[in-house]
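See structure below.
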Protein chains: 2
Amino acid sequence: MPWHSSPNADAAVTRGKSGDELHPKTLNKNAEDEEKNGPGPRVGNRFSIATMNQASVAMKYAVRGEVVQKAAEIKDRLAKGEQLPFEYLVPCNIGNPHAVKQQPISFYRQVAACCMCPSLIEDSSFPADVKSRAKEYLDATGGNGVGAYTDSNGIALVKQQVADFIMRRDGFPAKLEDIALTTGASEGVKRCLAALISDSNDSVMIPCPQYPLYSASITMYGGKSVYYDLDEASSWKIARESLEKACEENPTVNMRSIAVINPGNPSGAVLELSDIEMIIDFSFEKKLVILADEVYQENVYLEGKKFHAFKKVLVQMQQKDAKYNQVQLISFHSTSKGLIGECGQRGGYMEMVGFSQRVLAQMTKVAATSLSSNTIGQIFVGMMVTPPKEGEPSYELFKKESDAIFEGLKRRAIMLTKGINAITGLSSQPIEGAMYAFPQITMPKRAQSEAILKGIPADNLWCLELVEKTGIVCVPGSGFGQQDETFHFRITILPPDDMLEGMLVRLKAFQESFLAQYKDD
Amino acid sequence: MPWHSSPNADAAVTRGKSGDELHPKTLNKNAEDEEKNGPGPRVGNRFSIATMNQASVAMKYAVRGEVVQKAAEIKDRLAKGEQLPFEYLVPCNIGNPHAVKQQPISFYRQVAACCMCPSLIEDSSFPADVKSRAKEYLDATGGNGVGAYTDSNGIALVKQQVADFIMRRDGFPAKLEDIALTTGASEGVKRCLAALISDSNDSVMIPCPQYPLYSASITMYGGKSVYYDLDEASSWKIARESLEKACEENPTVNMRSIAVINPGNPSGAVLELSDIEMIIDFSFEKKLVILADEVYQENVYLEGKKFHAFKKVLVQMQQKDAKYNQVQLISFHSTSKGLIGECGQRGGYMEMVGFSQRVLAQMTKVAATSLSSNTIGQIFVGMMVTPPKEGEPSYELFKKESDAIFEGLKRRAIMLTKGINAITGLSSQPIEGAMYAFPQITMPKRAQSEAILKGIPADNLWCLELVEKTGIVCVPGSGFGQQDETFHFRITILPPDDMLEGMLVRLKAFQESFLAQYKDD
């Protein structure tokens, strides 16, 4: 039985506490905190750990969890000149390409600079297509520029560019009213989960392993995460049996939705066309809204593998059988990944397929309470889906820069898989796509006992020792979900070649010392 | 009895439905929508109005509500060349200065352009302080630039600049760990409300009239809004009696927090020092977290009026009496208002005063699920609180531009008050600060009957007719809360002088025709 499906005896304590999130340790911490908040009757209603929303307290978000906090402490110590066995941290915990030296693509930044400061359209030496593109976006704001709120769902021109992109990608049109620009993909995912979840029985199927945005948000909104297993032995393949099993094991929940991450985070797997057809048919049968997290759609590296958009496959199935018109699909995309890697711009979009006008209006109303996503981030979405065309002045440089980024990612995906598989006690499936390896650690029994003593999962222990001894920042597998008695970590392929090579040397040395330290008797 | 405190018979239907938000009309609409979603058993679990989170459905957000939708339709008709009695819309529904011709301040945009495209630091003819400031911010990202996620609570340098600003403003220091950069102020407010509300008995005191972000978010998070009345006759003054009364009338709720908007939105009132002392003492006594919405802190126009920060007043009170150390205060600020008016950048910060390290850590964890607010928006926060200093190359232009914006706002605050008070049946309190008038409409009985027939509040009817006949977009008072049998609308002071003058002419003519149309027999 996977660790995450262990029964939770006190599910009634709070709205929103999904079984896997609350740990006895947390409860003890709450009590301690209460003491520190001061004695007396006032404590009851102050904003303390005990009186704040318990779903928030129970929620875990490993990508920026304990290991990252430890890394921040180490960074401070390095900054203060403390002598450590390494001179710098290697942040492999998060898909943040520009933080590990990936250079921004010039065209995007030049257009953005012109939008920020329109006098550059006249004054600067930027290429003509940069200037005309900037002018196009500024006109599309009705002349308001990037300092004004836009429509709640974003600038119409950018939505049109997204629709055109989807048409080119899939061969099928997208409706403008189905598209909403969001603050990165994360905010779109959250907005949808919040709308899907009404009470603690409302459940969302998420992969095991998954990206913790899903488990964290489902917990915060008071729903239940139901995990379906990806099969590590077959490169994290998704099988209908595992979807069926997840439903059978949770017969009393109100299953609302299934989240699918393709290419997979953290698994690195790229779904086959037949996998997607299977998931769509399953979702039709179970009446589930499909949340298709497709932010890594440009990140496919393995020869013979190809990204298939859920939207495309759905329309193909609808053309063969009208029953699939009833399927509801929300697809997410982002400026943070792909080759653009512009995480800091917080650009994203979602396409909602198969929803009534009234539901779309409700979603727009919810979006309106945030007014709009940042305007320049919206423009980055437009640029991402509408890069310079062959023959335009910026094309050559754009192609050179983006090809170099893609080739680098592909090279390092291979380098990392190979490097990890050469280390005793670590094994990685091939990285087919996305930006991560999710290797398995053969965990010595003594390390497991040590972890139990410390009250933390054994892969937390491993990752904490790793960052302390080498400066390499990874995320423990327990933050993503994994089969019981297996241990993993997620590591990005993003550091530049020399840094990645050095990192593999450090990782090998660390793992050898770890195995020596926890050698079973 | 104010309209908002009418009892709600079916409060048990959903989590999160606060009494004032659900309208019989909504329920009918749900049923209709169900029909349209198609027949058969599948309807039960599809994502429809009936199966989505009912708190979201019940939530209302007037600032982008029915009147704004009508305005969007009219805009389309104008774009298609349809002949209407006016040639353009006057968007007075929202504090979005750049949408009504306020020009961005050059320094801010030049620095932002350099951060976007660092080659401009070498290449452009921007002033030296622009270039050095851009370099400072880029260095503060650890060299990652604006394309990388930052720390969850934002760039340390910007937080330091915020702390320095608070010190200069109040004469008291701010702690770095108490400051978090947010996606505009809205996202900060939402994050805090979500943490404060655990169940439908958790309540937040909000002013009547209020900015609907508060009522909308409280409804979405499943809590209850308890309104306290501002006294229109005395320029929307806040009296302790009205706070006490709101508590007395709601004896069984779990009162968690009080939101105060100063300068007031939509009221335009600026609180006196003694008002703030009273609110702090009241909050101490009732153990309420103070949410101080201070986004209009630079927007004070009336002679003799002065902005006092809640933080400053709290520390002064703590110095006299240590019991106030127990008060918990969260203050919000934003790049969207003030003189900078950069709504589209979605920059904001909050300062959390009086919270334990553990609570701050929980709030950081929640922030981390959004990774970070957009980097350039964070830099706008830094610039807003650290404008060019006297003697620096950009200072003269900066001062000229920002003075012109301030003088324009002040001039139009007076012009609008005067203009409205010269129209029969409309009356406005003086606009002391912020960006709005909230005039009262003496509503003819026949218009009230007509509105009842149409199933909408009478001020909705008035605003809908206004936009149809004149193109002026305002927000009905019912979206903010108002005393029973009073009617208001919110209108911004933002359009440039000539547009505002023309708008007042149209408004006068409209009101005369409205009064003629609905003349009581």
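The values are calculated or read from the model by the stated rules, or taken from the named source; none is laboratory data. The model shown is predicted, which means the values in this text are computed figures rather than measured ones. Here Cβ is always computed from backbone atoms with ideal geometry, including for glycine, and neighbour counts include all displayed protein chains.
Pull up segment B:153-166, narrow it to residues that are closer than 21 Å to B:SER370 by Cβ and not polar (S, T, N, Q), then point me to the one that is farthest from the other protein chains (Cβ to nearest Cβ). Lay out the reasoning, then the answer.
Keep residues of segment B:153-166 that are closer than 21 Å to B:SER370 by Cβ, which gives B:153-159, B:162.
Filter once more, so that each one left must be not polar (S, T, N, Q): B:154-159, B:162.
Details: B:GLY154: 11, B:ILE155: 10, B:ALA156: 11, B:LEU157: 14, B:VAL158: 13, B:LYS159: 14, B:VAL162: 19 Å.
Of everything passing the filter in segment B:153-166, B:VAL162 is farthest from the other protein chains (Cβ to nearest Cβ).
Going through segment A:320-369 one residue at a time, which ones are assigned to a loop (DSSP other than H, G, I, E, B), within 19 Å of the chain's Cα centre (by Cα) and within 7 Å of chain B (Cβ to nearest Cβ)? Can you show your working first?
Let us first name the residues in segment A:320-369 that are assigned to a loop (DSSP other than H, G, I, E, B), namely A:321, A:327-328, A:335-342, A:346, A:354-356, A:369.
Still in the running and within 19 Å of the chain's Cα centre (by Cα): A:335-342, A:346.
A:GLY341, A:GLU342, A:ARG346, listed by residue number.
Would you mind telling me which numbered condition in (1) within 24 Å of B:ASN96 (Cα to Cα); (2) surrounded by 24 or more Cβ atoms within 10 Å (Cβ to Cβ); (3) among the hydrophobic types (A, V, I, L, M, F, W, C); (4) over 22 Å from the mean Cα position of the chain (by Cα) B:ALA404 fails?
(2)
Can you tell me which residue is farthest from B:SER478 (Cα to Cα) among those in segment B:428-452 that are exposed (fewer than 15 other Cβ atoms within 10 Å of the Cβ) and free of Cβ contacts under 8 Å to residues at least 60 places away in the same chain?
B:SER449
If you scan segment B:487-504, which residues turn out to be out of contact with any Lys or Arg (no Cβ under 6 Å at 6 or more places or on another chain) and either part of a loop (DSSP other than H, G, I, E, B) or surrounded by 24 or more Cβ atoms within 10 Å (Cβ to Cβ) (or both)? Spell out how you get there, then give the answer.
Of the residues in segment B:487-504, the ones out of contact with any Lys or Arg (no Cβ under 6 Å at 6 or more places or on another chain) are B:487-492, B:494-495, B:497-499, B:501-504.
Hits for segment B:487-504 are B:PHE487, B:HIS488, B:PHE489, B:ARG490, B:ILE491, B:THR492, B:LEU494, B:PRO495.
What number of residues within segment A:333-346 are of a type in the set (A, V, I, L, M, F, W, C) and surrounded by fewer than 24 Cβ atoms within 10 Å (Cβ to Cβ)?
From segment A:333-346, those of a type in the set (A, V, I, L, M, F, W, C) are A:339-340, A:343; that's our starting set.
Next cut, surrounded by fewer than 24 Cβ atoms within 10 Å (Cβ to Cβ) only: A:339.
Of the residues in that region, 1 qualify.
Hey, does segment A:101-124 have a residue that's hydrophobic (A, V, I, L, M, F, W, C), in contact (Cβ under 8 Å) with a residue 24 or more places away in the chain, surrounded by fewer than 21 Cβ atoms within 10 Å (Cβ to Cβ) and assigned to a helix (DSSP H, G or I)?
Taking every residue of segment A:101-124 in turn, none turns out to be hydrophobic (A, V, I, L, M, F, W, C), in contact (Cβ under 8 Å) with a residue 24 or more places away in the chain, surrounded by fewer than 21 Cβ atoms within 10 Å (Cβ to Cβ) and assigned to a helix (DSSP H, G or I).
Enumerate the helices (runs of 4 or more DSSP H) found wholly within segment A:1-96, keeping only those where 3 or more residues are modelled with pLDDT of 50 or more.
Values: elements: A:24-36, A:54-58, A:66-79.
Answer list for segment A:1-96: A:54-58, A:66-79.
Any idea how many residues of segment A:106-131 are out of contact with any Lys or Arg (no Cβ under 9 Å at 6 or more places or on another chain) and more than 11 Å from chain B (Cβ to nearest Cβ)?
3
Mind checking which residues of segment B:112-124 are farther than 19 Å from A:LEU138 by Cβ and of a type outside the set (D, E, K, R)?
Within segment B:112-124, B:PRO118, B:SER119, B:ILE121 meet the criteria.
Give segment A:186-210 a look and list any residue that's hydroxyl-bearing (Ser, Thr, Tyr) and more than 11 Å from every other protein chain (Cβ to nearest Cβ), or say none. Working first, answer last.
Keep residues of segment A:186-210 that are hydroxyl-bearing (Ser, Thr, Tyr), which gives A:186, A:198, A:200, A:203.
Residue satisfying the conditions is A:SER203 alone.
Check A:ASN96 against each of (1) under 22 Å from A:ARG346 (Cβ atoms); (2) within 11 Å of chain B (Cβ to nearest Cβ); (3) free of Cβ contacts under 8 Å to residues at least 60 places away in the same chain and name the one condition it does not meet.
If we test A:ASN96 against (1) under 22 Å from A:ARG346 (Cβ atoms); (2) within 11 Å of chain B (Cβ to nearest Cβ); (3) free of Cβ contacts under 8 Å to residues at least 60 places away in the same chain, just (3) comes out false.
Go through segment A:232-260 residue by residue and tally those that are in contact with a Ser or Thr (Cβ under 8 Å, 6 or more places away or on another chain) and among the hydrophobic types (A, V, I, L, M, F, W, C).
4
Looking only at segment B:217-241, which residues are within 11 Å of chain A (Cβ to nearest Cβ) and out of contact with any strand residue (DSSP E or B) (no Cβ under 6 Å at 6 or more places or on another chain)?
B:SER217, B:THR219, B:MET220, B:TYR221, B:GLY222
Could you tell me whether B:ASP139 is within 30 Å of A:CYS343 (Cβ to Cβ), surrounded by fewer than 21 Cβ atoms within 10 Å (Cβ to Cβ), outside the structural domain of B:ILE405 (by TED's automatic domain parsing) and modelled with pLDDT under 90? Outline the logic, then answer.
Values: within 30 Å of A:CYS343 (Cβ to Cβ): yes; surrounded by fewer than 21 Cβ atoms within 10 Å (Cβ to Cβ): yes; outside the structural domain of B:ILE405 (by TED's automatic domain parsing): yes; modelled with pLDDT under 90: no.
The answer is no for B:ASP139.
Identify the residue in segment A:436-456 that is under 27 Å from the mean Cα position of the chain (by Cα) and at pLDDT 95 or above and, among all such residues, is farthest from A:ALA269 (Cα to Cα).
Here the answer is A:MET443.
Just checking, which of A:ALA113, A:ALA128 is in contact with a Cys (Cβ under 8 Å, 6 or more places away or on another chain) and not assigned by TED's automatic domain parsing to the domain that holds A:SER356?
A:ALA113
In segment A:132-152, which residues are part of a helix (DSSP H, G or I) and within 13 Å of another protein chain (Cβ to nearest Cβ)? Let's see the steps before the verdict.
So in segment A:132-152, the residues part of a helix (DSSP H, G or I) come out as A:132-140.
Listed by number, the residues that qualify are A:ALA134, A:TYR137, A:LEU138, A:ALA140.
Among the helices (runs of 4 or more DSSP H) lying completely within segment A:153-272, list those that include at least 3 residues that are closer than 19 Å to A:MET350 by Cα and among the hydrophobic types (A, V, I, L, M, F, W, C).
A:156-170, A:184-196
Could you check B:ALA62 against (1) facing another protein chain (nearest Cβ under 9 Å); (2) touching a Pro at 6+ places or on another chain (Cβ under 9 Å) and say which number it fails?
Every listed condition holds for B:ALA62 apart from (1).
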